[in-house]
Amino acid sequence: MTREDPVLEAARLLRGRTDAVALTGAGISVESGIPAFRGSQGLWGKYDPMEYATLGAFLRSPEKVWRMLSEMVALCGDAAPNAAHRGLADLEGRGILRAVITQNVDGLHQAAGTRNVIEYHGNMEALVCISCWRRYPTRERWVDGQAPACDCGEILKPDVVLFGEPIPWLAQERAEEEARTCGVLLVIGTSAEVSPACDIPRIAKKAGAVVVEINPEETDLTRTVVSLHIPGSASEVMGQLIIMLRDPGDDFPPHLKSFNIP
Ligand code: OAD
C-alpha cells in the first residue's frame, strides 16, 4: 500500500480511540522559541552537558551550572504554547488522548490546557535546596545572571533531572504504565537519545501499541519501533491532524477508510 499522506493515516488511526498517549521532547517547543538540545542551535552545542548538566557538575560548581540554567529559565519564561501543544490538549479534551509524557521542563503542555501531564525530567517552576530540602517557586528566587540561594545559604537546584540523577519514581512508574497499556503512542519532537525515556516507545511497541513519530528527521526509533513516521514540524502536523479529526468528511480518501497499520 502506498502511504500518500501520513497525516491522514494518523487521523484515521486516532479517530474513535480513547487510549492514545503522547511522548514529547524538545522538538515540540522549538516553534515556541525554545531551541532543542541537540543540533546546530541547541544548548548542548554551546554547553557540554557533561560539564554543565550533571549532578556532579552542580555539586562541584553550582555557579557554573547556573550559567547554563539561567538561559533555560529565561527561554522557558518567555515561551508560550504553540499549535502542537494546543493540539494535544484538544485531543485530550475529546477523550482520544489519555496522557502526555514529556521530557520537557518548560510547562507548555499545562499552559496549553493538557491536564494529565507526566513530567519525566521534572520542571523549571520550582527550586530545591539540596542541603535542607526547602522548596521555592523559581519566580520568587531567580534573578538573571545570579545563582539563586536558599535562606540557609546553599545554592538552589532547579527541580529538573540532571544527568546522573534518577527519574522521579512516580513519573517513571506512571509513564511505563501508560506505555504498556496505550493503543497508539505519538512520539513528537524527541531524538530518543536519552535513557530511560527512549525505552518508552519500545515498551509501548512490545505491548502491542502502534507508534507514530512526528519529527522532521529520522531517529533511531524510525526504522525499529515506528509504524508511521510523519516528517514534518510538530505544530504543522498537529494542526493538520486536528482539522482532519474535527471534520473527517471527504478528507478521508477511500483507500484510508480500510487502512490498518499492522
Ligand atoms: P533533542 O534536542 O535531543 O531532540 C529534539 C528532536 O526534535 C530532534 O529529533 C529534532 O529532529 C526534533 N525537532 C526539531 N524541531 C522540531 C519541530 N519543529 N517539530 C518536531 N520535531 C522537531 O531533545 P530531546 O529528545 O527532548 O534531558 O532530549 C532529551 C533530553 O536530552 C532532554 O530532556 C534533556 C536533554 O539532555 C535532560 O536534561 C536530563
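Data overview
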quantity	calculated
Count of residues meeting criterion [surrounded by 20 or more Cβ atoms within 10 Å (Cβ to Cβ) and among the acidic types (D, E)] in segment 213-229	1
Considering residues of segment 177-198 that are of a type outside the set (A, V, I, L, M, F, W, C) and crowded, with 18+ Cβ neighbours inside 10 Å only, the residue nearest to S235 (Cα to Cα)	G189
Residue that is nearest to L88 (Cα to Cα), among those in segment 26-39 that are of a type outside the set (D, E, K, R) and part of a helix (DSSP H, G or I)	I28
Qualifying positions in segment 40-65 - surrounded by fewer than 15 Cβ atoms within 10 Å (Cβ to Cβ), touching a helix residue (DSSP H, G or I) at 6+ places or on another chain (Cβ under 9 Å) and in a loop (DSSP other than H, G, I, E, B)	Q41
Of residues in segment 75-120 being of a type in the set (V, I, T) and either closer than 17 Å to V184 by Cβ or within 13 Å of the ligand (Cβ to nearest atom) (or both), the one surrounded by the most Cβ atoms within 10 Å (Cβ to Cβ)	T102
Residues located in segment 99-125, provided they are in contact with a Lys or Arg (Cβ under 9 Å, 6 or more places away or on another chain) and either at pLDDT below 95 or basic (K, R) (or both)	E125
Selection count where residues are of a type in the set (S, T, Y), within 16 Å of the ligand (Cβ to nearest atom) and farther than 25 Å from N82 by Cα, scope segment 167-202	1
Test: residue in segment 7-25 that is within 16 Å of I188 (Cα to Cα), part of a helix (DSSP H, G or I) and among the hydroxyl-bearing types (S, T, Y)	no
Of all residues in segment 244-262 being exposed (fewer than 14 other Cβ atoms within 10 Å of the Cβ) and within 29 Å of S32 (Cβ to Cβ), the one that is modelled with the highest pLDDT	R246
Subset tally (residues that are over 21 Å from R180 (Cα atoms) and either of a type in the set (K, R) or within 12 Å of the ligand (Cβ to nearest atom) (or both)) for segment 210-241	15
Only listed residue being touching a strand residue (DSSP E or B) at 6+ places or on another chain (Cβ under 7 Å), touching a residue at least 24 places away in the same chain (Cβ under 8 Å) and among the small types (G, A, S), chosen from G122, G113, G87	G122
G164 being loosely packed, with under 14 Cβ neighbours inside 10 Å, in contact (Cβ under 8 Å) with a residue 24 or more places away in the chain and either within 16 Å of the ligand (Cβ to nearest atom) or closer than 28 Å to A84 by Cα (or both)	yes
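The values are calculated or read from the model by the stated rules, or taken from the named source; none is laboratory data. Values in this document were obtained by computation on a predicted structure and should not be read as measured data. Here Cβ is always computed from backbone atoms with ideal geometry, including for glycine, and neighbour counts include all displayed protein chains.
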